[in-house]
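Below is one structure; the comments refer to it alone.
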Amino acid sequence: MTLPRIAIASLGGTISMTPDAAAGGVVPRLSAEQLAASVPGLSEVANISAESLFQLPSASLSFPNLLAALAWAERQVDAGAAGVVLTQGTDSIEESAFFLDLYWQREAPLIVTGAMRAPQSAGAEGPANLLSAVLAARSKDSRGRGVMVVMNDTIHAARWVRKRHTLTVQAFESPETGPLGVIVEGIAHYFHPAGTRPPALPPVSGDVRVALLETYMGDDGQIAELVRAAGYQGLVIGGFGAGHLSFGFAERMEALCADMPVIIATRTGAGPTTSATYGYIGSEVDLARRGAIMAGWLCPRKARALLWGMLAGGIGRCDIARAWKDWHQNLR
């Protein structure tokens with residue numbers, strides 16, 4: 001039987017870290033080839049090609065890094081790979097997977113995985129996660145589902161996955177929808193058929209700066225004014241509850257929205273922003289009237305990734321509201 005070819009690239013992260021006495025802790029060091037070689041039975045389920053693209057902790061990954069990884073993944077599929085696996089640190093997996101999904105248009109799956117425990121730790125789960133990621137990448141049932149995160153034998157959609165714990169190996173959840181599927185006895189099992197996906201964002205034509213702020217009790221919006229003064233092209237705010245701000249912050253909204261698109265998300269960790277429930281000053285109705293755009297189901301971090309992609313793709317400030325609505329309408 002001919003095994004499918006799966007391409008693996010390492011971006012760094014805990015899964016690749018080893019101790020460094022001078023640094024006082026673990027640092028990313030292992031190559032993609034070393035990671036693949038550490039997984040028992042991996043060569044029995046796929047023909048593996050492995051390459052190290054970066055050696056970075058995930059907090060230092062950037063959108064340009066991810067665009068480079070995306071281009072590499074596209075080349076692998078175009079050259080015949082049945083699927084692609086990226087390994088990286090878990091701190092930013094929910095953002096990076098979502099960002100990649102905004103652009104990934106191949107039918108072949110792109111799987112992102114990592115580890116919560118470094119390789120030398122007791123119970124290190126990196127090899128198991130990498131094996132599960134490869135099993136998902138090689139499955140025909142994974143086709144047409146875009147970018148997915150595979151951790152702890154569980155398959156999550158990039159759109160919904162969140163890191164919900166700092167340390168446990170069960171750190172990843174999809175709080176709104178539950179996982180897409182699971183890996184059982186070496187097979188990827190999905191609970192639902194693949195749905196339709198939004199079209200890809202326009203190709204990136206330039207870099208932009210999009211700020212992310214979280215509001216708090218007593219916040220009058222002065223920091224947001226500093227963001228505008230610093231020349232940022234966009235702003236995402238993690239608001240109270242279903243997307244709310246204080247009276248003082250709300251009074252600044254017209255001026256902010258006149259200079260840049262402002263997205264209001266919720267800081268709560270689950271649930272959407274609303275659009276027609278509350279009408280007081282600083283409510284979602286009031287903020288939308290002043291020019292803000294409600295994030296819907298997107299968390300602040302993913303809302304920032306989407307806004308960055310739209311602006312960097314050349315969608316003008318005045319067209320962001322329509323593009324935002326169209327993107328959400330195409331999401332199933």
Q: Within the range 295-317, track down each residue that is in a helix (DSSP H, G or I) and farther than 16 Å from P202 by Cβ.
A: P300, R301, K302, A303, R304
Q) What number of residues within the range 137-195 satisfy the criterion of being touching a strand residue (DSSP E or B) at 6+ places or on another chain (Cβ under 7 Å), closer than 19 Å to A81 by Cα and not small (G, A, S)? A) 6
Q: Quick one: which strands (runs of 3 or more DSSP E) lie wholly within the range 1-72 and hold at least 1 residues that are exposed (fewer than 15 other Cβ atoms within 10 Å of the Cβ)?
A: 17-20, 25-28, 47-56
Q: Taking I155 as meeting all but one of (1) farther than 20 Å from S43 by Cβ; (2) part of a loop (DSSP other than H, G, I, E, B); (3) in contact (Cβ under 8 Å) with a residue 12 or more places away in the chain; (4) not acidic (D, E), write down the number of the exception.
A: (2)
**Q.** When residues of the range 218-243 are limited to those that are part of a strand (DSSP E or B) and either touching a residue at least 60 places away in the same chain (Cβ under 8 Å) or of a type in the set (D, E, K, R) (or both), the one surrounded by the most Cβ atoms within 10 Å (Cβ to Cβ)
**A.** I237
Q) Being in contact with an Asp or Glu (Cβ under 9 Å, 6 or more places away or on another chain) and over 29 Å from E185 (Cβ atoms), is that true of even one residue in the range 72-79? A) yes
(Q) Would you confirm whether or not the range 21-31 contains a residue that is at pLDDT below 95 and among the β-branched types (V, I, T)? (A) yes
Q | So L180, is it among the hydrophobic types (A, V, I, L, M, F, W, C) and over 23 Å from P4 (Cβ atoms) | A | no
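The values are calculated or read from the model by the stated rules, or taken from the named source; none is laboratory data. On a predicted model such as this, the values are computed, not experimentally measured, just so you know. Glycine gets a Cβ as well: all are built from the backbone with ideal geometry, and neighbour counts include every protein chain shown.
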